[in-house]
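Just below is one structure, and these are the notes that go with it.
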Amino acid sequence: MKVDEIKDLSVEELQVKTQELQQELFNLRFQLHTGHLENSARVSQVRKDVARAKTILSGKLNA
């Protein structure tokens with residue numbers, strides 16, 4: 001997910017998106033440890049997306 005796409009979301013949408021990404025990250029980590037994950041690069045990509053979303057969300061809440 002691009003930074004521009006994240007910046008366009010409202011605070012409520014960012015909170016929902018963050019929760020969705022965290023759930024996806026949990027599922028990917030579960031698949032990784034059970035050996036069912038085909039694309040292991042997706043884990044780091046989702047982790048970075050979560051960090052981006054949280055950073056922008058905290059900036060919007062403090063502004």
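Helix 41-62 against the longest principal axis of the chain: what's the angle in degrees, Cα atoms only, rounded to the nearest 10?
For helix 41-62, the angle is close to 20 degrees.
Between Thr34 and Val11, how many nm apart are label points set 7 Å from Cα along the C-beta direction?
Label at Thr34, label at Val11, 3.8 nm between them.
Over the Cα atoms of the chain, how large are the radius of gyration and the largest Cα-Cα distance (Dmax), in Å?
Every Cα atom of the chain included, Rg and Dmax give 12.9, 43 Å.
How much of the accessible area of the chain, in percent, comes from carbon and sulfur atoms when a 1.4 Å probe is used? Kindly include the intermediate steps, with their values, before the conclusion.
On the way: 2310 of 4630 Å².
Here it works out to 50 percent.
Find the accessible area per residue for the chain; the probe is 1.4 Å, ligands and nucleic acids are left out, and the unit is Å².
Using a 1.4 Å probe on heavy atoms only, each residue of the chain averages 73 Å².
Modelled label-to-label distance, Gln19 and Ser58, 7 Å Cα→beta-carbon offset: nm?
Computed distance between label sites Gln19 and Ser58 equals 2.1 nm.
Per-residue ellipticity at 222 nm for the chain, helices alone: DSSP H runs ≥ 4 residues times -39500 (n - 2.57), over residue total, nearest 500 deg cm²/dmol? Display every interim value, and only then the final one.
Working: 3 runs with 51 residues, N = 63.
Calculated from helices alone, the mean residue ellipticity at 222 nm is -27000 deg cm²/dmol.
Ranked highest first by average number of other Cβ atoms within 10 Å, how do 18-25, 3-10 line up?
On the way: 18-25: 15.6, 3-10: 12.4.
Averaged packing, sorted descending, gives the order 18-25, 3-10.
The values are calculated or read from the model by the stated rules, or taken from the named source; none is laboratory data. Only a predicted model underlies this, so the values are computations on that prediction, with no experimental measurement involved. All Cβ positions, even for glycine, are placed from backbone atoms using ideal geometry, and neighbour counts span all protein chains on display. Remember, those area values only see protein heavy atoms, side chains included, never the ligands or the DNA or RNA. Shrake-Rupley method; radii C 1.70, N 1.55, O 1.52, S 1.80 Å.
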